[in-house]
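Trainee: Just dropping this structure here.
The values are calculated or read from the model by the stated rules, or taken from the named source; none is laboratory data. These figures come from a predicted structure and were not determined experimentally. Using ideal geometry, Cβ is built from the backbone for each residue, glycine included, and neighbour counts are taken over all protein chains shown.
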Amino acid sequence: MSNGTGYGGYGGLTGESAMEAHAVGRRYRRGWALRDCSFRLPAGRICGLVGPNGAGKTTLMSIAANLLEPTTGTLRVFGAAPQSAEAGRRTAFLAQEKPLFKRFTVAETLRLGRELNPGWDQRAAEDMVRAGNVPFEAKIGTLSGGQRTRVAFAVAFGKRPDLLLLDEPMSDLDPLVRHELMSTLLAEAAERGTTVLMSTHMIAELENTCDYLLVIAEGGLRLAGEVDELRTAHAVLTGVHSDGRTPPEVAYHTVVETRTSGRQFTALVRPDGPVSGGPWQASTPNLEELLLAYLRSPEAPPLISPSSYVAPQAVAA
Ligand SMILES: Nc1ncnc2c1ncn2[C@@H]1O[C@H](COP(=O)(O)OP(=O)(O)OP(=O)(O)O)[C@@H](O)[C@H]1O
């Protein structure tokens with residue numbers, strides 16, 4: 001199979017890789033948190049990272065942010081090892097726990113950001129704080145959870161990263177602020193070509209924000225690729241059928257999930273031939289249908305699309 005990724009040439013035929021993982025695994029005392037993950041994330045994408053609790057999302061992002069070392073395999077950020085100065089300069093990580101000093105004021109927090117980051121953009125950081133009416137002289141410890149999140153966003157933005165890793169950063173924001181911060185994030189990312197990898201459980205929100213998708217479950221990669229590429233690789237088949245078994249014309253395809261509600265039978269499949277005609281109505285799943293089907297069926301065969309595929313033998317040094 002051709003991988004179509006131009007592997008080996010960051011900036012090759014299909015563009016630069018923001019992230020490449022080769023057989024990346026991480027084991028804790030209790031067992032594997034991440035297992036044999038191989039994929040590439042092309043630069044400039046807004047990528048949703050989806051998976052159930054404990055799937056390995058934070059573990060993957062922590063490896064990319066150089067907070068954890070993989071037990072197996074290698075991961076590269078723009079072709080560089082996460083522990084390199086270059087990868088550190090180009091990456092910002094916003095974790096669930098916002099690591100801000102409680103006794104610092106907002107202004108002092110931004111000053112620290114400026115001192116630590118050579119490419120710091122004070123104006124971008126200040127604008128983000130101002131948009132939320134957060135006082136610059138307030139101590140971090142006196143801010144609400146949402147205000148603290150905004151300051152953490154400001155620090156991440158001020159760094160002007162090429163890769164922004166967001167680990168469910170918005171879970172403590174009210175819906176309006178969430179919407180506003182997401183719009184700012186997308187506008188900035190589009191303007192600057194920033195790659196964003198964002199873990200979230202808010203599946204409905206992904207439809208309007210992400211153009212790329214990584215799905216992990218039980219430490220393994222289940223889906224990877226462009227959202228449109230993944231959607232059009234699947235079909236939802238619906239029809240009247242009630243004997244509880246999967247009909248042979250459906251089982252002919254790669255079946256991800258089947259559901260029966262009364263006499264209504266629905267299957268999400270990866271077509272291995274034509275799906276139109278016959279008794280089944282076929283449609284392309286929306287992102288939410290696709291994600292829910294994979295999350296409910298961890299035993300379904302994974303799909304790593306060509307844009308995300310890395311050859312197994314191409315293990316980086
Ligand atoms: N420091 C640790 N020591 C031991 N096990 C850990 C540690 N950190 C994570 N794990 C385990 O690794 C697995 C993956 O955890 P991880 O935090 O990466 O999942 P996640 O997908 O981010 O989950 P969530 O959606 O709940 O945030 C889980 O089973 C978790 O219990």
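Trainee: Being within 15 Å of the ligand (Cβ to nearest atom) and of a type in the set (Ser, Thr, Tyr) is the requirement here; does residue 38 meet it? Lay out the reasoning, then the answer.
Mentor: Working: within 15 Å of the ligand (Cβ to nearest atom): no; of a type in the set (Ser, Thr, Tyr): yes.
For residue 38, the condition - within 15 Å of the ligand (Cβ to nearest atom) and of a type in the set (Ser, Thr, Tyr) - is not met.
Trainee: Has region 286-295 got any residue that is assigned to a loop (DSSP other than H, G, I, E, B) and in contact with a strand residue (DSSP E or B) (Cβ under 7 Å, 6 or more places away or on another chain)?
Mentor: no
Trainee: Considering only residues that are in contact with a Leu (Cβ under 6 Å, 6 or more places away or on another chain) and not in a strand (DSSP E or B), look in region 211-229 and name the one that is nearest to residue 290 (Cα to Cα).
Mentor: The extreme case among them is 227.
Trainee: I've got another one for you. Look through 190, 233, 217 and report the one residue that is in the same structural domain as residue 294 (by the TED database) and within 20 Å of the chain's Cα centre (by Cα). So that I can check it myself, show each step before the final result.
Mentor: On the way: 190 fails: in the same structural domain as residue 294 (by the TED database); 217 fails: in the same structural domain as residue 294 (by the TED database).
Result of the check over 190, 233, 217: 233.
Trainee: Residue by residue through region 54-86, note down the ones that are closer than 18 Å to residue 198 by Cα and assigned to a helix (DSSP H, G or I).
Mentor: The answer is 57, 58, 59, 60, 61, 62, 63, 64.
Trainee: If we keep just the residues of region 133-173 that are of a type in the set (A, V, I, L, M, F, W, C) and in a helix (DSSP H, G or I), which is farthest from residue 41 (Cα to Cα)? Break it down into steps so the answer makes sense when it comes.
Mentor: First pass over region 133-173, keeping only residues of a type in the set (A, V, I, L, M, F, W, C): 134, 136, 138, 140, 143, 151-157, 163-166, 170, 173.
Within this subset, residues satisfying the condition of being in a helix (DSSP H, G or I) are 140, 151-157.
Values: 140: 34, 151: 27, 152: 24, 153: 22, 154: 25, 155: 24, 156: 20, 157: 20 Å.
Among residues in region 133-173 that are of a type in the set (A, V, I, L, M, F, W, C) and in a helix (DSSP H, G or I), the one farthest from residue 41 (Cα to Cα) is 140.
Trainee: Say we look at region 63-95 and pick out the residues that are surrounded by fewer than 17 Cβ atoms within 10 Å (Cβ to Cβ) and of a type in the set (A, V, I, L, M); which of these is nearest to residue 32 (Cα to Cα)?
Mentor: 67
Trainee: Applying the selection to region 43-53, what residues are of a type outside the set (Lys, Arg) and either more than 6 Å from the ligand (Cβ to nearest atom) or not in a loop (DSSP other than H, G, I, E, B) (or both)?
Mentor: Of all residues in region 43-53, those of a type outside the set (Lys, Arg) come to 43-44, 46-53.
Answer for region 43-53, where residues must be of a type outside the set (Lys, Arg) and either more than 6 Å from the ligand (Cβ to nearest atom) or not in a loop (DSSP other than H, G, I, E, B) (or both): 43, 44, 46, 47, 48, 49, 50, 52.
Trainee: Considering only region 299-307, I want to know if a residue exists there that is modelled with pLDDT of 90 or more and exposed (fewer than 13 other Cβ atoms within 10 Å of the Cβ).
Mentor: Within region 299-307 (the criterion being modelled with pLDDT of 90 or more and exposed (fewer than 13 other Cβ atoms within 10 Å of the Cβ)), the answer is yes, since at least one residue qualifies.
Trainee: Just checking, which of 31, 12 is away from the ligand (no atom under 16 Å from the Cβ) and at pLDDT below 95? Explain how you work it out, then say what you get.
Mentor: Values: 31 fails: away from the ligand (no atom under 16 Å from the Cβ).
On inspection, the qualifying residue turns out to be 12.
Trainee: When you check residue 209 against the structure, is it within 16 Å of the ligand (Cβ to nearest atom), farther than 20 Å from residue 279 by Cβ and touching a helix residue (DSSP H, G or I) at 6+ places or on another chain (Cβ under 8 Å), yes or no?
Mentor: On the way: within 16 Å of the ligand (Cβ to nearest atom): no; farther than 20 Å from residue 279 by Cβ: yes; touching a helix residue (DSSP H, G or I) at 6+ places or on another chain (Cβ under 8 Å): yes.
In short, no.
Trainee: Sort out which residues of region 234-250 are surrounded by 18 or more Cβ atoms within 10 Å (Cβ to Cβ) and outside any strand (DSSP E or B), and write them in order of number.
Mentor: 234, 241, 250, listed by residue number.
Trainee: Conditions first: (1) assigned to a loop (DSSP other than H, G, I, E, B); (2) more than 21 Å from the chain's Cα centre (by Cα); (3) not small (Gly, Ala, Ser). Residue 130 passes all but one, so which condition is the exception?
Mentor: The number of the failed condition is (1).
Trainee: Residue by residue through region 12-42, note down the ones that are in a strand (DSSP E or B) and among the polar types (S, T, N, Q). Before you say what the answer is, go through the steps one by one.
Mentor: Initial filter on region 12-42 (in a strand (DSSP E or B)): 12, 15, 17-28, 31-42.
Those that are in a strand (DSSP E or B) and among the polar types (S, T, N, Q): 17, 38.
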